[in-house]
Each structure stands twice: as structure tokens, then as C-alpha cells.
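The values are calculated or read from the model by the stated rules, or taken from the named source; none is laboratory data. Since this is a predicted model, take the numbers as computed values, not measurements. Glycine also receives a Cβ, built like all others from the backbone with ideal geometry; neighbour counts cover every protein chain displayed.
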Amino acid sequence: MSELRVLFIGGSGVISSACARVAVESGIELTVLNRGQTAARPLPDGVRQVRGDVRDAGAVRETIKGLDFDCVVDFVAFTTEHVRADLELFQGRTGQYVFISTASAYQTPPSRLPVTESTPLRNPYWQYSRDKIACEDLLIARYREDGFPATIVRPSHTYDETKTVLSGGWTSLARMRAGKPVIVHGDGTSLWTVTHNTDFARAFVPLLGHPRTVGEAFHITSDDFLTWDQIAHALAAAMGVTPRIVHVPSDVINSVDPEWGAGLLGDKTHSMIFDNSKLRSVVPGWHARVPFERGAREIIDWHLADPARQVVSPELDATMDKLAADFGVS
């Protein structure tokens, strides 16, 4: 793997930053194309950074002029327009193109569990997921028509210390610390899979340049799943408090806050657990190492280390107050 030349488009996100670290540790010759505007997750030493706006195809073409890559990974393609631009840029210039899709593209709600890569793709609730499905369809068509070397990777809920996992961000956690009720959708018993970004990266990097990944799709998730109430309790325990949980139906939340509701109805409302057998067939021995209880402590420690990270939304806080009151808690 020491001679593998890889281009990451993105590189400072939750997933891509962890993948960059593991790629460098694995001996990959890594180039990262981004705007260089995110300081929260600095690139590791040894990365060649190329600054540019990936949405400006002409500028990117000039920036990477004369460069060829064994593998190109786009972490920030969300629409077919983005993918078509990549197809024009990298056709004939890479041995593998990896599209980062989403596990929310799978049939929602799923007709059976666990979810496998053969589970149908259909999400009538969330435009984000439908756009990712359209991107996958485009890449599959190009692979079938002319052999474009696409690999599709579907993360589920992947987090690092900067992400609170529980809906509402720091607003929800601040309410816990203050003894105020925290909103959990449904009855809190649906099962959810959360994956630490370091676990994702250790599974992802071995897919790069692997001869049996082209034309294939893989999801990468932890095998550790919890109820939403357990997630709330783990975060509360990391703060040394006991949460006052109020259960509110997802469709009610959607009626008062459509942005919050879209992510619930299109993803988090339904139990989602995954079979990672296909991944392990090409990355033997991989397993997730970080239980959420440990991840929860990382999340709380990171937020408490700097008051600037403890951002409460007054609007969302008021919405949560109203939902708690409407469902019998003052």
C-alpha cells in the first residue's frame, strides 16, 4: 500500500479527517483537495494539501493538471451534479472512484433486519437520502456502460467528539445539565447504530485500491447498537446527571420543526442495525473498538473543555420546552 496515490476531496469532516489519519499511517501518498477553511480537524503531517473549490470544475481541473491517482474519494458529493462533475474530471485518470453515500439510502422503514448491502434503496421521507440514491444510480449506470471504476461506501451515524449524537446538539445536553427535560423521539426503544469515526476509518482505508471493491457497495457501521434512551443515558452519565426523558412522536416533532423532523422520519425513527459480513469479506478481522459509553465521555469532555463549544439554540430550547409541556412535563 506504500505506493498507493490517493486523492481525498474534502478531508476536514468527521469521517474524512479520521480516514486521512489512517491513510497516512498506512503509508498512502495522500493528497487532499479542499478550501482549507476548517481548523477544527487539521490534516495530519505528511498530507499534500491542494486548496481549491471543488464546485469550480475548471479551477479544479487546472489545479490537478498533470496528476493521476490510483484512487479518488469524494466525501462532499451530494447531488448528481456533483458526481457528473467528478466523472468529467476523473474519467481515465484514476483506478478507483469512491463515492461516500449514506446508510439512510436503504429502504425506510426497513422490511427486515439486519440491513445488508442487498437491502433495497428507498427513502420517501428525506431529500438528502434520495439525492444520494440518485448519485449511486448514476455511478452504477456508468460502471455498467463503460466500466467507470466506482465503489460506493455507505456510512451510518458516524461521530467524533464534536458531535453530540442526540438530536438537538448541545442544546439537548445543556438541558440535561440544567435538570430540564430532554426530548427523545418515539418511545425511546428503537435501536440505533452509532459508529466512532476511528472505527470507520480503520475499515475504510483497506478498501482503497482493493481489486474486489470496484463495482461494489459496502456499508461501514459498528456492530454495537443501542436504544435512543440508552444513548441519552450514556451522555447524561458522562456529565454525572440523570436525564429527565420525555418521549414525543416523531411526526409531532416534524409538525413543529420540519428540519428536525426530516432527519427523524427519514432516518432515526426506525430501528437500524447492520450486517457487516460483506465488509469483513474484504477487510478480514475488522471490528469496531469504541463502545458508545466511551465515545460519550469524549463528546462531553470536548464540549466542556471550551465554553465556545457550548452553543444553545434559544429557538430549539423553546420548542423543546413546549413539547415537554404538551406531553405532560413542566
remark   = Being over 22 Å from Tyr128 (Cβ atoms), in the same structural domain as Leu138 (by TED's automatic domain parsing) and touching a helix residue (DSSP H, G or I) at 6+ places or on another chain (Cβ under 6 Å) narrows Val83, Val60, Val50 down to just Val50
inquiry  = Going by what's in this entry, would Thr193 be described as closer than 26 Å to Arg297 by Cβ, among the polar types (S, T, N, Q), part of a helix (DSSP H, G or I) and at pLDDT 95 or above?
reply    = no
task = Pairs only if they're at least six apart or on different chains, beta carbon under 7 angstrom, first in the range 155-179 and touching a residue at least 24 places away in the same chain (Cβ under 8 Å) and among the small types (Gly, Ala, Ser), second crowded, with 23+ Cβ neighbours inside 10 Å and assigned to a loop (DSSP other than H, G, I, E, B); list them, first residue then second.
result = Ser156/Thr221; Ser156/Met272; Ser172/Leu166
query = What is the number of the single condition among (1) assigned to a loop (DSSP other than H, G, I, E, B); (2) under 25 Å from Lys132 (Cα atoms); (3) aromatic (Phe, Trp, Tyr) that Trp286 does not meet?
reply = (2)
query = Within the range 57-80, can one find any residue that is part of a helix (DSSP H, G or I), under 24 Å from the mean Cα position of the chain (by Cα) and not aromatic (Phe, Trp, Tyr)?
reply = yes
request  = Give the range 158-190 a look and list any residue that's outside any helix (DSSP H, G or I) and either out of contact with any helix residue (DSSP H, G or I) (no Cβ under 8 Å at 6 or more places or on another chain) or of a type in the set (Gly, Ala, Ser) (or both), or say none.
outcome  = Ser167, Gly168, Gly169, Ala178, Gly179, Gly186, Asp187, Gly188, Ser190
request  = Take the range 126-170 and flag every residue that is over 15 Å from the mean Cα position of the chain (by Cα), closer than 21 Å to Leu208 by Cα, buried (at least 20 other Cβ atoms within 10 Å of the Cβ) and small (Gly, Ala, Ser).
outcome  = Ala150
ask   = From the set of residues in the range 184-227 that are more than 21 Å from Ala18 (Cβ to Cβ) and free of Cβ contacts under 8 Å to residues at least 60 places away in the same chain, which is surrounded by the fewest Cβ atoms within 10 Å (Cβ to Cβ)?
value = Pro211
inquiry  = Please determine whether any residue of the range 279-287 is outside the structural domain of Tyr128 (by TED's automatic domain parsing), buried (at least 19 other Cβ atoms within 10 Å of the Cβ) and in contact with a Phe, Trp or Tyr (Cβ under 8 Å, 6 or more places away or on another chain).
reply    = yes
query = Can you name every residue in the range 245-265 that is touching a helix residue (DSSP H, G or I) at 6+ places or on another chain (Cβ under 8 Å) and either outside any helix (DSSP H, G or I) or closer than 13 Å to Gly186 by Cβ (or both)?
reply = Ile245, Val246, Val248, Ser250, Asp251, Val252, Ile253, Asn254, Asp257, Gly261, Leu264, Leu265
ask   = What is the residue count in the range 83-102 for residues that are free of Cβ contacts under 8 Å to residues at least 60 places away in the same chain and surrounded by fewer than 18 Cβ atoms within 10 Å (Cβ to Cβ)?
value = 5
inquiry  = So Ser167 ticks every box in (1) at pLDDT below 95; (2) in contact with a Lys or Arg (Cβ under 6 Å, 6 or more places away or on another chain); (3) of a type in the set (Gly, Ala, Ser) but one. Which box is left unticked?
reply    = (2)
query = Does Gly10 count as in the same structural domain as Tyr97 (by TED's automatic domain parsing), modelled with pLDDT of 85 or more and closer than 20 Å to Glu88 by Cα?
reply = yes
task = Answer yes if at least one residue in the range 29-46 is farther than 27 Å from Ala308 by Cα, among the hydrophobic types (A, V, I, L, M, F, W, C) and surrounded by fewer than 18 Cβ atoms within 10 Å (Cβ to Cβ), and no otherwise.
result = no
request  = Examine the range 23-40 for a residue that is under 17 Å from Asn197 (Cα atoms), modelled with pLDDT under 85 and either not in a helix (DSSP H, G or I) or not aliphatic (A, V, I, L, M) (or both), and state whether such a residue exists.
outcome  = yes
